[in-house]
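What follows is a short report on a single structure.
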Amino acid sequence: MDTYYKSKRTGDLIRYSLSYVVLIICAGIFIFPFLWMLSTAFKIPSEAYTLPPKLFPKTFTLDNFIEGWKYADFTRYTLNTLTVTLLATLGTVLSASFVAYGFARFKSRYNNLLFTAVLATLMLPSQVTLVPTYLLFTKMGWLDTLKPLIVPSFFGGGAFNIFLLRQFFRSIPKDLDEAAYIDGANAFQIYYKILLPAIKPALITVALMSITFHWNDYMSPLIYLNSDQNFTLAIGLQFFQNSFGSSQIQMLMAVSLITVIPVLILFFVGQRHFVQGITMTGIKG
Amino acid sequence: MRRFLAMLLVGILIMTLVACGGNNTQTNGQPADPDKKGQEISGEITVFGWGGGEELQSRKEATKIFKKLYPGVKVNEIWLPADNIDVKLDAALAAGNAGDVIMMSPDWKGLRSKWFEDLNPYIERDNLDLEALLTQGVDGGYVDSDGKREGMPTTASDFMIAYNKEIFDKAGVPYPTNEWTWDEFAEVSKQVSSGEGANRVYGIVSHWILQSLAPFVYGGAPYNEDWTKQTLDDPNTIKGYQLFGDLVKAGAMPDDAAAKSMPMDQMFAAGKAAMYPMGLFEASTIAKNVGNNFEWGIVMPPKDPSGKTVNIKFQTGFAMNKASKNKEAAWAYIKTVSLNKEVGDLYSKVNLPAAKEAAESTFVNMKIENTDISMVDFVTGLQDAITFPWGGAISKAGDLYAQMWQQVTIQGKSAEDAAKEYASQIQSAFDSIHQNRK
């Protein structure tokens, strides 16, 4: 018996050790670009290109942060990005959950057809709709305002989010709805008081994905914004590159580092719910 | 809970209203009046341009000079990053709000021609002698084959070969001179290469501009002047491509794997390549990156068999939107940022100015930042330089030329075989451009 347990323990140890070795190697590969960004942000220009690359700068400088931040109006860009991200995320979470609730709980003859139509929009490349939406927002007088970046989120919140939340709603027993009906709740009260609290992990997942998307989105602000006072961080960072792609890499890395910190913190805070949300909806592949 | 929700919703509404407050710009209608003097020009124009770094800063400063000269004109400025700007510009042109003055490059080759005003009548009216006013070589490509002038130049950039003196010294190879030929270039590239594997030092980096130089190095060309016919099967064109294929085979230029291992400017700055085809636009960045790592110099690109230096130029200028409602002010802006000496002096800090006076006084006396390397050769190099050949309407054919280049430099095919494979496809691409334009 002792021998059995000993060999099992040894087997487990080897298995776990191997798993950790593989995980550490993978983590190293994935974290390298981030470490390079971190290290470059503190280097003087000529050090960024030494070979082999040095992780710790020989001449440590904070100038890249100071000069980089002053290079453009990054304080304003940050405020604009925060505004867009927070409002668009709120819109996404509210409207996607509302639409998903409809698809998950209400039966109609066209339910499947409508849901297929929603999913079909996932296959439409964004470039195809770009010019028509640009014309639409121009006609509405929304060009060079933050409206085109925020308001559409309040109208459905995106097909993928609707799909994700619908799956989550469907995993919750209908008995809960029926019990609430018997207690006199209406459809909105069931959505708001019973189901929304039950799908918290999925809502957090959607919120995190939305935050990451809107924080990093470059194309939409480029298309809809014209004035420096309205630009977002993704646009501002591109100003470090001239039209031939040549860039001031140290300043770019320094400011990128500052801008990536809020998203990183948010991800670490919400990662437990994020993993739970992904696992429970069965979209982890 | 309800009160909290109600307050939250009100808060969101207020934030949305505050956040969405922005300014839309409109241009005032102003009839063109040729008799008006410059200072009397008034109204409003929108300038649409892009870029980044010091280059963009200089454009903004140039606009300030214009405002000082034309105080009656209100200028709305749209300055955006260059990345993906084509998508934005096409959408803005289609919507009719791209501005009165739009940045343009002659390498667009007719791509947005229908949107732009012919500037010839303005030039004639103002009696401008462009040959006397513009830096030699800066103006090529702005005039269509039918004589329509689509824009006026502001700046240009050409290429020099930057070389690492320490690697040349170590190999015992003399530094190149402005008189060298492409055969000598190939020989030198091989001589200064050394080492194996990760320690390999290459003669020349695998820079993206080499693909554009290749067809011209032995006097060939990728296509004829009005881009109706591909000339890939010209023996001199084939010979040019083959030169670079041979350099890869000889290990004097990085193969695909080595080229992907690090950015090419990093390879040169790290002393892993002896030569780098350096655009004027990246000279100060290269200088900063090299720092005190090694001594370096620049030389003109080699000459073709006829004795002409083979160089590629990138030009930037401004065009007038046909839909502009204030064409007089738009023209005044274009003329100022193209020909004004003060503006040219400003541009000199980042590029070669179009204004001849500025190029020949301010620019030629400048040195690459933090070095004692003179800018004079960039001016000389521009004279015979060829406008970047793959832009605008040519880009579809350009993709095929790029594939052909990869066949030679990555797959190791002979240039002759690759040309046979691609010539007809490229010809079809040219045919379709001209069919679409009819």
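Could you sort B:ARG59, B:ARG200 by accessible area so the largest value comes first, with the probe set to 1.4 Å? Don't skip to the answer; put the middle values down first.
On the way: B:ARG59 10, B:ARG200 45 Å².
Ranked list, largest accessible area first: B:ARG200, B:ARG59.
Hey, can you find the accessible area per residue of segment A:1-137 for me, probe 1.4 Å, expressed in square angstrom? Numbers along the way, then the final one.
Working: 9120 Å² over 137 residues.
That works out to 67 Å² for each residue.
Quick one: grab the alpha carbon gyration tensor of the protein assembly as shown, order the square roots of its eigenvalues as a ≥ b ≥ c, and give me rounded if a/c is under 1.5, else prolate or oblate depending on whether a/b is larger than b/c.
On the way: a/c = 1.96, a/b = 1.33, b/c = 1.47.
It is oblate, given that a/c is not under 1.5 and a/b is not larger than b/c.
What angle do you read, to the nearest 10 degrees and between 0 and 90, between the alpha-carbon axis of helix B:2-20 and the longest principal axis of chain B?
The helix B:2-20 is inclined about 80 degrees to chain B.
For segment A:113-143 and segment B:367-414, compute the distance between their C-alpha centroids and round to whole Å.
Here the two parts' Cα centres lie 38 Å apart.
Treating only the Cβ of Lys, Arg, Asp and Glu as charged (+1, +1, -1, -1), what charge dipole size does the protein assembly as shown show about its Cα centre? Round to the nearest 20 debye. Kindly include the intermediate steps, with their values, before the conclusion.
Working: 64 positive and 69 negative charges, 739 e Å.
With Lys and Arg at +1 and Asp and Glu at -1, about 3540 debye.
Enter the accessible area per residue of chain B (Å², integer; probe 1.4 Å; all protein chains in place).
Computed with neighbouring chains in place, this is 42 Å² per residue.
Once the Cβ-Cβ distance between B:GLU187 and A:LEU124 is put in as r, and R0 is 41 Å, what FRET efficiency do you end up with, to the nearest 0.05?
Working: r = 55 Å, r/R0 = 1.33.
Using R0 = 41 Å, I get an efficiency of 0.15.
Round to the nearest 10 and give me the degree value, 0 to 90, for the angle of helix B:395-409's Cα axis relative to the longest principal axis of chain B.
That works out to roughly 20 degrees.
Please give every one of the lysines within straight-line cross-link reach of B:LYS356, meaning a C-alpha to C-alpha distance under 16 Å, and leave out same-chain neighbours fewer than 8 residues apart.
Candidates past the 8-residue exclusion: B:LYS335, B:LYS341.
Tell me, how many Å apart are the Cα centres for segment B:241-281 and for segment B:175-208?
Here the answer is 9 Å between Cα centres.
Residue by residue through A:126-138, how many Cβ atoms from other chains fall within 10 Å of the Cβ on average? Numbers along the way, then the final one.
On the way: counts 0, 1, 0, 0, 4, 6, 2, 1, 8, 5, 1, 1, 7.
Counting Cβ atoms of other protein chains within 10 Å of each residue's Cβ and averaging gives 3.
For segment A:52-102 and segment A:190-244, what is the separation of their C-alpha centers, rounded to whole Å?
About 9 Å separates the Cα centre of segment A:52-102 from the one of segment A:190-244.
Each residue of segment B:293-306 in order: what ³J(HN,Hα) in whole Hz does its phi give by Karplus 6.51 cos²θ - 1.76 cosθ + 1.60, θ = phi - 60°, with x for Gly and Pro?
Those phi angles translate into 4, 6, 7, 8, x, 10, 9, 5, x, x, 8, 7, x, 7 Hz.
With a 1.4 Å probe and all protein chains in place, put A:ASP144, B:ASP345 in order of accessible area, largest first.
Details: A:ASP144 5, B:ASP345 45 Å².
In descending accessible area the options line up as B:ASP345, A:ASP144.
Give me the accessible area buried between chains B and A, both sides summed, with a 1.4 Å probe, in Å² rounded to the nearest 100. Could the numbers behind the result be given before it?
Numbers: alone 20270 and 17680 Å², together 34020 Å².
Summing both chains' loss of accessible area gives about 3900 Å².
Using a 1.4 Å probe and counting only protein heavy atoms, arrange B:HIS434, B:HIS207 so the residue with the most accessible area comes first. Could the numbers behind the result be given before it?
Working: B:HIS434 45, B:HIS207 10 Å².
Listed by decreasing accessible area, they come as B:HIS434, B:HIS207.
Got a number for carbon plus sulfur as a percent of chain B's accessible area, 1.4 Å probe?
On the way: 9030 of 18310 Å².
C and S fraction of accessible area: 49 percent.
Counting only other residues whose beta carbon sits under 11 Å from that of A:TRP36, what net charge do I get with K and R as +1, D and E as -1? Intermediate results must be reported in sequence, preceding the final value.
Details: positive: A:LYS43, A:LYS54; negative: none.
Value of the local net charge: +2.
Rounded, prolate or oblate, given the Cα gyration tensor of segment B:245-325, with a/c below 1.5 counting as rounded? Spell out each step's value before the answer.
Numbers: a/c = 1.93, a/b = 1.57, b/c = 1.23.
In terms of gyration-tensor shape, prolate.
B:TRP79: net charge of surrounding residues, Cβ under 14 Å, Lys/Arg +1, Asp/Glu -1, itself excluded? Intermediate values should be presented prior to the final figure.
Numbers: positive: B:ARG59, B:LYS60, B:LYS64, B:LYS88; negative: A:ASP73, A:ASP144, A:ASP228, B:GLU54, B:GLU55, B:GLU61, B:GLU77, B:ASP83.
Local charge sum for B:TRP79: -4.
Build a GNM of chain B with springs between Cα atoms under 10 Å: which of B:ASN370, B:ASN321, B:ASN97 gets the top mean-square fluctuation?
Sorting by GNM fluctuation, first place goes to B:ASN370.
Any chance you could look up the accessible area of B:MET278 with a 1.4 Å probe, heavy atoms only, rounded to 10 Å²?
0 Å²
For B:SER261, what is the net charge nearby, where nearby means another residue's Cβ is under 11 Å from its Cβ and Lys, Arg count +1, Asp, Glu -1? Kindly include the intermediate steps, with their values, before the conclusion.
Values: positive: B:ARG200, B:LYS260, B:LYS272; negative: B:ASP255, B:ASP256.
Charge balance near B:SER261 sits at +1.
If I model a spin label at B:SER194 and B:ALA95 as a point 7 Å from the Cα along the Cα→Cβ vector, what separation in nanometres do I get?
So the label points at B:SER194 and B:ALA95 sit 5.9 nm apart.
Can you pull the mean other chain C-beta count within 10 Å for peptide B:291-297? Don't jump to the answer; show the numbers that get you there.
On the way: counts 7, 1, 5, 0, 0, 0, 0.
Taking the mean over all residues of the peptide, I get 2.
Sort chain A into rounded, prolate or oblate with this rule: let a ≥ b ≥ c be the square roots of the eigenvalues of the Cα gyration tensor; rounded if a/c is under 1.5, and if a/c is not under 1.5, prolate when a/b is larger than b/c, oblate otherwise. Spell out each step's value before the answer.
Numbers: a/c = 2.52, a/b = 1.16, b/c = 2.17.
Oblate shape, in that a/c is at least 1.5 and b/c is the bigger or equal ratio.
Give me the lysines in straight-line cross-link reach of B:LYS249: C-alpha distance below 19 Å, same-chain residues under 8 apart excluded.
B:LYS190, B:LYS239, B:LYS260, B:LYS272, B:LYS413
How well do other chains shield peptide B:90-99, expressed as the mean number of their Cβ atoms within 10 Å of each residue Cβ? Before the final figure, lay out each step's value.
Details: counts 3, 9, 6, 0, 5, 8, 2, 6, 0, 1.
Per residue, the average neighbour count from other chains is 4.
What are the lysines whose alpha-carbon lies under 17 Å from the alpha-carbon of A:LYS70, with same-chain residues fewer than 8 places away excluded?
The reachable lysines, counting only those whose Cα sits under 17 Å from A:LYS70, are B:LYS60.
The values are calculated or read from the model by the stated rules, or taken from the named source; none is laboratory data. Being a predicted model, the structure only gives us computed values, none of them experimental. Neighbour counts are summed over all protein chains in view; Cβ atoms, including those assigned to glycine, are modelled from backbone coordinates with ideal geometry. What goes into the accessible areas is simple: the full protein's heavy atoms, side chains included, and nothing from ligands, DNA or RNA. Shrake-Rupley method; radii C 1.70, N 1.55, O 1.52, S 1.80 Å.
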